[in-house]
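Have a look at the structure below, then the notes.
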Amino acid sequence: MAERIEQRLEDRVPELEQLERVGLFTRKEIRAVLRKASALEYKIQRRALRKEDFITYIQYEVNLLELIKKRRARIGYSFKKEEIENSIVRRVHSLFKRATGKWKEDVQLWLSHVAFCKQWNSKHQLSKVFSCMLALHPNKPALWIMAAKWEMEARLSSESARHLFLRALRFHPDCSKLYQEYFRMELMHAEKQRKEKKELEQAKMDLGEFSYSEEILNGEMARIIYRDAAQKIKGSVEFLLALLSIAKLFDFTQDLQKEILESLQASYADDPLTWDYMARRELELGSSQSTENTTKQMKVAEMTQREERCCAVFEEAVAAVPTEDMWKCFITFCLERYNRKTNSEELKQKRLERTLSAFNKAHESSLLPEGQYKQWLELLLESGLCEKAVEVAEAATQRFRLSVEIWQLRLQVLIQTKSDDVTHCFEEALKHMKSKGTLPLWILWVEWSEGSNSKEDTEALYQRSLSATAPAESVTMKEKYLDWAYRNGGYKKVKRVFTSLHENRPFSLDFFRKMIEIEKQQEFCKMLNLREYYERALREFGSTNSDLWLDYIKEELNHPQGKPENCGSIHWRAMKMLQGDLVENFVSKYTLLQTGHL
């Protein structure tokens with residue numbers, strides 16, 4: 001092993017001598033590089049190899065390359081790259097090769113090698129890396145796509161990219177993403193050939209020696225891919241729409257777009273996404289009028305017409321496919337248009353009316369999805385239509401009686417509009433809901449009560465919430481009750497509340513932490529009280545929280561009334577109660593505490 005390491009270090013000598021000779025590194029720096037390289041070599045020559053050692057070594061070499069690059073820029077020296085950088089790059093490739101050979105399953109390691117090859121323009125090496133990686137990981141479509149894109153974009157080889165896509169599809173015949181990228185690649189290749197042919201024609205050169213297939217120029221290869229994919233991937237409107245959006249990026253694909261669109265309408269006429277696409281397409285269909293000398297009013301009028309055509313298609317859609325998903329597409333479109341900035345008040349008003357009308361019609365058809373009632377109510381309140389908002393909120397709770405979110409929305413509307421029915425609505429909501437899941441309603445109620453009712457009424461509400469919520473949710477209410485008691489009644493009040501709750505399980509650690517913090521804020525902070533809070537907290541969380549024990553020890557050490565002699569006993573109890581790795585964690589932190597480093 002020692003001989004092998006010596007040989008590797010000797011192999012470095014020529015490049016290091018060059019670094020010193022040209023003035024990029026000093027003799028002292030060269031020695032430091034040799035020492036570091038020697039240490040790294042020893043680590044990767046051991047019998048029990050570790051991946052981290054290879055990564056560290058590679059990162060060191062990459063950092064060295066970056067440093068050399070900066071030094072070259074600083075002194076303006078650009079020669080001897082073959083003897084210096086290329087030598088280091090070859091060594092990094094060798095390290096990657098060993099590492100990926102040992103840990104073949106680590107995809108991230110392979111990708112790191114790919115990134116390095118790209119950074120240093122090692123095209124021949126990268127081709128080999130992709131070949132090995134795909135042989136070992138043929139089950140990952142993203143790797144095939146990455147390799148094919150590199151062949152197409154970096155090596156300008158559409159033939160190699162096509163070959164990779166075809167191989168990938170043999171492994172993944174149902175992968176929509178592979179088909180999409182293959183489809184895109186063939187269209188890019190066709191576009192590239194069309195540009196080349198046009199340039200040659202403009203230069204009046206003889207095209208006889210160049211072979212330009214009319215089928216490829218017209219995107220026929222992409223059409224074949226589309227037809228094959230349509231047979232393999234059934235029932236996916238999203239896939240066809242993705243192909244259509246790719247085809248639209250190329251100006252020679254009108255016939256192909258038409259074919260995909262006809263297939264969409266024939267096979268997926270009842271799918272909301274098909275209707276959504278057809279409706280939004282109306283926005284893109286330009287006016288027949290010239291764009292020259294167009295006034296602002298004319299632009300607004302044309303945009304209004306386009307949006308009305310979209311809505312006409314959506315109206316047809318919700319009549320043909322009366323589903324929640326279809327209405328959701330319609331309303332989403334209306335909201336998008338409403339939220340677009342415009343200087344025309346008339347256009348903004350029309351968009352608002354159109355959106356509110358769509359919400360209303362969906363609601364009347366009982367097809368407005370639960371999640372969109374919030375959008376409707378926000379829009380109504382924003383538009384100052386408070387009475388309508390109250391009416392809609394009530395109707396929503398009648399339709400979704402068991403939805404906490406919908407009741408919460410209604411209550412928020414009533415609170416915002418300063419209604420007198422808030423308390424009645426809270427009571428009504430809790431009648432319909434089971435105790436589990438009502439926490440958001442109780443939080444909203446007590447927070448509203450704090451600003452609207454007397455302290456007595458609010459406290460009664462807090463006490464009622466503790467028994468009305470599920471045990472796990474009551475934990476949050478206890479924390480809020482403690483916080484409210486301190487804010488509104490001071491230390492004596494919060495102490496009474498804590499005493500009334502300290503046996504009322506379950507608790508959270510924050511419940512005790514809050515009480516400890518309150519005690520420490522007092523002018524005359526009593527260690528006796530802190531001990532009580534810590535002891536109660538440790539009874540609940542002593543086996544799962546090592547920091548709690550350490551904080552207790554710190555209090556005994558630092559508090560004026562503390563007893564440092566108690567620390568040994570607390571330490572012994574902690575060692576008995578803590579579970580698993582927490583013991584080791586506690587011991588290490590306790591050692592730091594003893595040495596004054598914590």
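Could you run the Debye sum over the Cα atoms of the stretch 85-152, one equal point scatterer each and no solvent, and tell me log10 of I(q)/I(0) at q = 0.20 Å⁻¹, two decimals?
-0.77
Within 10 Å of each candidate Cβ there may be at most 11 other Cβ atoms; applying that plus a DSSP loop requirement, which trypsin sites (Lys or Arg not before Pro) in the stretch 138-183 survive?
On the way: sites: Lys149, Arg155, Arg162, Arg167, Arg170, Lys177; in loops: Arg155.
Hits after loop and neighbour filter: nothing returned.
How many percent of all Cα-Cα pairs in the stretch 1-103 sit more than 20 Å apart?
On the way: 1992 of 5253 pairs.
Pairs farther apart than 20 Å: 38 percent.
Which value, in debye to the nearest 20, describes the size of the charge dipole of the chain about its Cα centre when Lys and Arg Cβ atoms bear +1, Asp and Glu Cβ atoms bear -1, and nothing else is charged?
On the way: 96 positive and 91 negative charges, 590 e Å.
With only Lys, Arg, Asp and Glu charged at Cβ, the dipole is about 2840 debye.
Give, as a single signed number, the net charge of other residues whose beta carbon lies under 14 Å from the beta carbon of Ala73, with Lys and Arg counted +1 and Asp and Glu -1. Numbers along the way, then the final one.
Details: positive: Lys69, Lys70, Arg71, Arg72, Arg74, Lys81; negative: Glu66, Glu85.
Combined, the nearby Lys, Arg, Asp and Glu give +4.
Please sort by residue number the trypsin sites (Lys or Arg not before Pro) in the stretch 322-369 whose DSSP state is loop and whose Cβ has at most 15 other Cβ atoms within 10 Å.
On the way: sites: Lys328, Arg337, Arg340, Lys341, Lys348, Lys350, Arg351, Arg354, Lys361; in loops: Arg340, Lys341.
Sites meeting the loop and neighbour criteria: Arg340, Lys341.
Test of the criteria: in the stretch 469-555, which trypsin sites (Lys or Arg not before Pro) are in a DSSP loop and have at most 15 other Cβ atoms within 10 angstrom of their Cβ?
Sparse-neighbourhood loop trypsin sites (Lys or Arg not before Pro): Lys526.
Alpha carbon centre of the stretch 350-379 versus the stretch 544-567: separation in Å?
Cα centroid of the stretch 350-379 versus Cα centroid of the stretch 544-567: 59 Å apart.
Taking a 32 Å limit on the Cα-Cα distance, which of the listed pairs Lys149/Lys258; Lys104/Lys149; Lys102/Lys149; Lys140/Lys234; Lys361/Lys478 fall beyond it?
Numbers: Lys149/Lys258 27 Å; Lys104/Lys149 23 Å; Lys102/Lys149 27 Å; Lys140/Lys234 22 Å; Lys361/Lys478 44 Å.
In this structure, Lys361/Lys478 exceed 32 Å between Cα atoms.
Just subtract the alpha-carbon distance of Leu557 and Gln522 from 0.36 nm times their residue separation and send over the number in nm, one decimal. Walk me through the numbers before you get to the answer.
Numbers: separation 35, 0.36 × 35 = 12.60 nm, distance 1.88 nm.
Residue separation times 0.36 nm, minus the Cα-Cα distance, leaves 10.7 nm.
How high is the FRET efficiency between Glu584 and Glu10 when r is their beta carbon distance and R₀ equals 35 Å, given to the nearest 0.05? Each step should come with its number before you reach the end.
Numbers: r = 45 Å, r/R0 = 1.27.
FRET efficiency, Glu584 to Glu10: 0.20.
Nearest 20 debye, what's the magnitude of the dipole of the stretch 162-251 about its Cα centre given +1 on Lys and Arg Cβ and -1 on Asp and Glu Cβ? Mind dumping the intermediate values first?
Working: 16 positive and 15 negative charges, 78 e Å.
Approximately 380 debye in magnitude.
Could you tell me the calculated FRET efficiency between Asn488 and Glu364, based on Cβ-Cβ distance and R0 = 51 angstrom, to the nearest 0.05? Please list the in-between numbers first.
Numbers: r = 46 Å, r/R0 = 0.91.
Efficiency at R0 = 51 Å is approximately 0.65.
Computed from these coordinates, which is Cα extents along the principal axes in Å: [x] 110, 67, 56; [y] 97, 80, 47; [z] 87, 57, 54?
The listed entry that was calculated here is [y].
Could you calculate the FRET efficiency of Gln202 with Ser435 from 1/(1 + (r/R0)^6), where r is the beta carbon distance between them and R0 is 60 Å, rounded to 0.05? The partial results should precede the final answer.
On the way: r = 79 Å, r/R0 = 1.31.
Working from the Cβ atoms, E equals 0.15.
Projected onto the charge dipole of the stretch 1-108 (+1 at Lys/Arg Cβ, -1 at Asp/Glu Cβ, origin at the Cα centre), which of Ile75, Leu16, Ala99 gives the Cα projection farthest towards the positive end?
The residue sitting farthest along the positive end of the dipole is Ile75.
Leaving out ligands, DNA and RNA but keeping every protein chain, what accessible area does Val300 have, in Å² rounded to the nearest 10, with a 1.4 Å probe?
30 Å²
Ignoring the sites themselves, what is the longest stretch of the chain with no GluC sites (Glu not before Pro) in a DSSP loop and at most 16 other beta-carbon atoms within 10 Å?
Details: sites that count: Glu82, Glu83, Glu105, Glu209, Glu292, Glu370, Glu503, Glu523.
Free of exposed loop sites, the longest segment is 371-502.
Return the distance in nm (one decimal) between the two label points of a simple spin-label model at Ser383 and Ser157, each offset 7 Å from Cα along Cα→Cβ.
Label-label distance for Ser383 and Ser157, simple model: 6.1 nm.
All other residues with a Cβ under 15 Å from the Cβ of Ser344 taken together, and with Lys, Arg as +1 and Asp, Glu as -1, what is their net charge?
Working: positive: Lys296, Lys299, Arg306, Arg337, Arg340, Lys341, Lys348, Lys350, Arg351, Arg354; negative: Glu302, Glu307, Glu308, Glu345, Glu346, Glu353.
Combined, the nearby Lys, Arg, Asp and Glu give +4.
Please list log₁₀ I(q)/I(0) at q = 0.18, 0.20 Å⁻¹ for the stretch 514-597, using the Debye equation with identical point scatterers on the alpha-carbon positions.
-0.75, -0.92
Return the sequence-ordered ³J(HN,Hα) values of the stretch 357-363 in whole Hz as given by the Karplus equation 6.51 cos²θ - 1.76 cosθ + 1.60 applied to θ = phi - 60°, using x for Gly and Pro.
Coupling constants for the stretch 357-363: 5, 5, 4, 5, 5, 5, 5 Hz.
In whole percent, what relative contact order does the chain give with Cα contacts below 8 Å and a gap of six or more residues? List each step's numbers first, then the result.
Working: 442 pairs, mean separation 26.2, N = 598.
Relative CO of the chain lands at 4 percent.
How many angstrom separate the Cα center of the stretch 139-184 from the Cα center of the stretch 430-469?
59 Å
Note the full-extension length gain between Lys195 and Asp420 as 0.36 nm times their separation in residues minus their Cα-Cα distance, in nm to one decimal. Let's see the in-between values first.
Details: separation 225, 0.36 × 225 = 81.00 nm, distance 7.18 nm.
Length difference between fully extended and current span is 73.8 nm.
Tell me the accessible surface of Phe171 in square angstrom (1.4 angstrom probe, heavy atoms of protein chains only), to the nearest ten.
Surface accessible to solvent at Phe171 totals approximately 120 Å².
With the dipole of the stretch 400-520 worked out from charges on the C-beta (+1 for Lys and Arg, -1 for Asp and Glu) around the Cα centre, which of Val475, Asn488, Ser500 lies farthest toward the positive end?
Ranked along the dipole, the leading option is Ser500.
Bins of 5 Å, beginning at zero and ending with the bin holding the largest distance: percent of Cα pairs per bin for the stretch 427-536, please.
Computed distribution, short to long bins: 2, 12, 23, 23, 18, 12, 7, 3, 1, 0.
Quick one: accessible surface of Thr417, probe radius 1.4 Å, all protein chains present, in square angstrom to the nearest 10.
40 Å²
Give the residue from Phe165, Ser383, Val583 lying farthest towards the positive end of the charge dipole for the chain; charges sit on Cβ (+1 for Lys and Arg, -1 for Asp and Glu) and the dipole is referred to the Cα centre.
Toward the positive end, the furthest listed residue is Val583.
Only Lys, Arg, Asp and Glu count, each charged at its Cβ (+1, +1, -1, -1), so figure out the dipole size of the stretch 1-130 about its Cα centre, rounded to 20 debye. Walk me through the intermediate numbers first.
Numbers: 30 positive and 18 negative charges, 40 e Å.
Computed charge dipole of the stretch 1-130: roughly 200 debye.
The values are calculated or read from the model by the stated rules, or taken from the named source; none is laboratory data. On a predicted model such as this, the values are computed, not experimentally measured, just so you know. No Cβ is skipped: glycine too gets one built from the backbone with ideal geometry, and neighbour counts run over all protein chains shown. Note: accessible area is taken over every heavy atom of the protein model, side chains too, but ligands, DNA and RNA are not part of it. Shrake-Rupley method; radii C 1.70, N 1.55, O 1.52, S 1.80 Å.
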